[in-house]
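Only the coordinates and a few stated rules stand behind these numbers; no lab work does. If you're wondering where the values come from, they're calculated on a predicted model, not measured in any experiment. Backbone-built Cβ (ideal geometry, glycine too); neighbour counts: all protein chains shown.
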Amino acid sequence: MVKCVCINDKHKPKEIPAQKWVTEGNEYTVVAIYKMVQPGAVLGVILASPTLDETCAPYECFRIGRFGFSLKDIPALIELIKNCDDLQDFDPMKLLEEELEYVSQ
């Protein structure tokens with residue numbers, strides 16, 4: 001698990017109820033990461049809370065770019081990526097670089 005802070009709570013999809021949405025400035029705990037198919041094959045995070053369930057379909061996770069991570073937590077974040085089933089064939093640093101590049105556009 002890795003701590004993060006929400007840095008972007010804008011553009012909440014209408015399918016996700018307000019009580020299951022993240023709030024800018026609040027701290028959360030990432031429990032899993034995976035490569036989302038849509039939109040654009042980016043990294044998604046599953047949080048300890050709030051959790052997205054079938055009522056939020058088609059959304060199952062939050063885009064990783066909504067969150068900021070402390071530099072001291074980057075090694076734990078990389079380890080979490082390495083331990084996630086669908087990311088074992090990917091280079092964690094390349095995935096993070098792609099996401100950061102996408103967010104900065």
Multiply the residue separation of K14 and D86 by 0.36 nm, subtract the distance between their alpha-carbon atoms, and state the gained length in nm to one decimal.
-> 23.2 nm
Near the amide H of V42, under 5 Å away, which other amide H atoms are found, from residues 5 or more places off or on another chain, if H is placed in the peptide plane?
-> M36
Total formal charge among the other residues, if their Cβ is under 12 angstrom from that of K3, Lys/Arg +1 and Asp/Glu -1 | -1
Pairwise FRET efficiency - K94 versus T23, Cβ, R0 = 41 Å, nearest 0.05 = 0.85
Whole-Hz ³J(HN,Hα) from phi, Karplus 6.51 cos²θ - 1.76 cosθ + 1.60, for segment 58-69, glycine and proline x | x, 7, 10, 7, 9, 5, 4, x, 6, 10, x, 10
